[in-house]
Every structure is written in structure tokens, then in C-alpha cells.
1. Listing 198, 95 from the residue with the fewest other Cβ atoms within 10 Å to the one with the most, what is the order?
2. Using every alpha carbon pair in the chain, what percent of pairs falls into each 5 Å bin from 0 up to the bin containing the largest distance?
3. Take peptides 112-119, 65-72 and line them up by average Cβ neighbours within 10 Å, highest first, as a rough protection proxy.
4. So, in Å, what gap is there between the alpha-carbon centers of segment 1-41 and segment 138-158?
5. How do 63, 110, 15 line up, fewest other C-beta atoms within 10 Å first?
6. Can you give the convex hull volume of the alpha carbon atoms of segment 103-177 per residue, in Å³?
7. List 177, 120, 52 from most exposed to least, where exposure is judged by having the fewest other Cβ atoms within 10 Å.
8. If I take every Cα pair under 8 Å that is 6 or more residues apart in segment 4-134, average their sequence separation and divide by the length, what percent do I get for the relative contact order?
Ligand SMILES: [Fe+2]
Ligand SMILES: [Fe+2]
């Protein structure tokens with residue numbers, strides 16, 4: 001559950017995205033709306049935070065809610081381009097207008113601007129709040145939701161086959177690189193491993209269901 005301040009923020013973020021009209025061109029899949037993605041990342045960050053008590057929870061959660069807000073300033077020609085850089089000032093303005101301290105607004109803006117720098121995840125100097133934000137971003141739309149995404153995307157094609165969905169599921173890194181766990185925190189890594197197992201088991205079960213294996 002969200003506290004009332006965060007719930008209000010999410011509502012405002014939804015209005016900002018709706019008003020921008022960006023959802024019309026951001027993504028070919030109507031089920032992938034940005035505010036819902038940011039809400040789900042917030043939920044992942046909340047689950048990870050207890051294993052890192054040194055992290056500033058409020059900073060992490062608010063940054064997660066705003067991390068992709070920069071998409072509202074991107075264009076039809078280049079959807080999502082520089083959304084990290086564009087998002088920082090938008091988040092800062094919102095927070096200042098809503099009574100948050102300038103120092104806090106600056107810290108949120110800084111995390112939003114850096115959220116795509118995944119090469120920094122393993123760097124011990126990277127602030128833990130940024131690490132958790134990036135982990136939350138990577139956990140969304142993987143595992144159960146990733147499977148659903150692939151199935152729905154295949155279902156939107158003119159020619160729909162179970163085999164096509166299977167092939168799409170096998171393209172995912174969760175399947176192709178099972179040894180890879182790019183997350184850092186204990187909880188983040190455990191969630192990633194869980195999603196990987198689920199994805200792998202689902203693909204194996206589907207291959208059997210389709211009569212592609214002898215067992
Ligand atoms: Fe992003
Ligand atoms: Fe994101």
C-alpha cells in the first residue's frame with residue numbers, strides 16, 4: 001500500500017502523462033503505460049529496501065515514482081530519447097511546487113537523471129538509492145509479467161501462434177543467459193533468480209505442452 005502523499009504523487013504523475021499525450025506514440029503496446037510501470041517499480045523498491053536499512057527510503061521511493069517522467073517531454077520523432085535527463089527538472093519542479101525541501105528535490109532529480117546508467121550498478125561508489133531504483137526498474141516486466149507481455153504482444157499480431165510466443169520467450173535474456181544475475185542487493189538478486197526460474201520453467205513446460213520434447 002502507498003502512503004497518502006505517494007498516492008497523491010502517483011495520481012499527479014498519471015495526470016501529467018495523460019495531459020502530455022505521450023502514451024499515443026511512446027509504445028506500440030497499449031498495455032504498457034508508464035505510470036503503471038513507475039508504480040510497479042515503486043513496489044519493487046519497497047520490497048528491496050528492508051535489506052538495506054542505510055538507504056534513504058523516502059528518497060528511493062519518490063525517485064522510483066518519478067524516474068521515467070521525462071517521457072512527457074520527449075517527441076514523436078524520438079520517443080523516450082533522453083528521458084532520464086529531461087525527467088530530473090520535471091521531478092524537481094513538481095516537488096518544489098508541492099512543498100518539498102530544495103535539497104530533497106535536488107537529490108530526487110539527480111537520481112532520476114542517472115537512472116539509465118546501469119553500468120554503474122556494480123560500482124561500490126554508486127549511491128544505494130540509485131542501485132535500488134535501477135534494480136526496481138529491471139525487475140518490472142520480467143518473470144510473470146514478462147511472459148504476459150510476450151503473449152499479449154504476439155496476440156496482437158495478425159498471425160498468432162503458440163510457437164511464435166514460445167520463440168519470443170526464448171529470446172529473453174532470462175532464458176538465454178541463465179547464469180547472469182546483474183542485480184546487487186541480496187533481495188534484488190533473490191527476486192531476479194526467482195523470475196529467472198519461473199521464466200525457464202515456463203518455457204520448458206510450454207515446449208512439452210507443444211509436443212516439442214520427448215519426455
Ligand atoms: Fe527509464
Ligand atoms: Fe523505467
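Where a number appears in this text, it was derived from the coordinates with a stated rule and is not lab data. Quantities reported herein were computed from a predicted structural model and do not represent experimental measurements. Heads up, the Cβs are rebuilt from the backbone with ideal geometry, glycines too, and the neighbour counts pull from every protein chain shown.
1. On the way: 198 16, 95 21.
Sorted ascending by nearby Cβ count, the order is 198, 95.
2. That works out to 1, 7, 14, 17, 18, 16, 12, 8, 4, 2, 1, 0, 0, in percent per bin.
3. Values: 112-119: 18.1, 65-72: 24.8.
The peptides rank, most packed first, as 65-72, 112-119.
4. 19
5. On the way: 63 28, 110 18, 15 11.
Sorted ascending by nearby Cβ count, the order is 15, 110, 63.
6. 118
7. Values: 177 11, 120 14, 52 18.
Starting with the residue having the fewest Cβ neighbours, the order is 177, 120, 52.
8. On the way: 161 pairs, mean separation 31.5, N = 131.
Over segment 4-134, the number comes to 24 percent.
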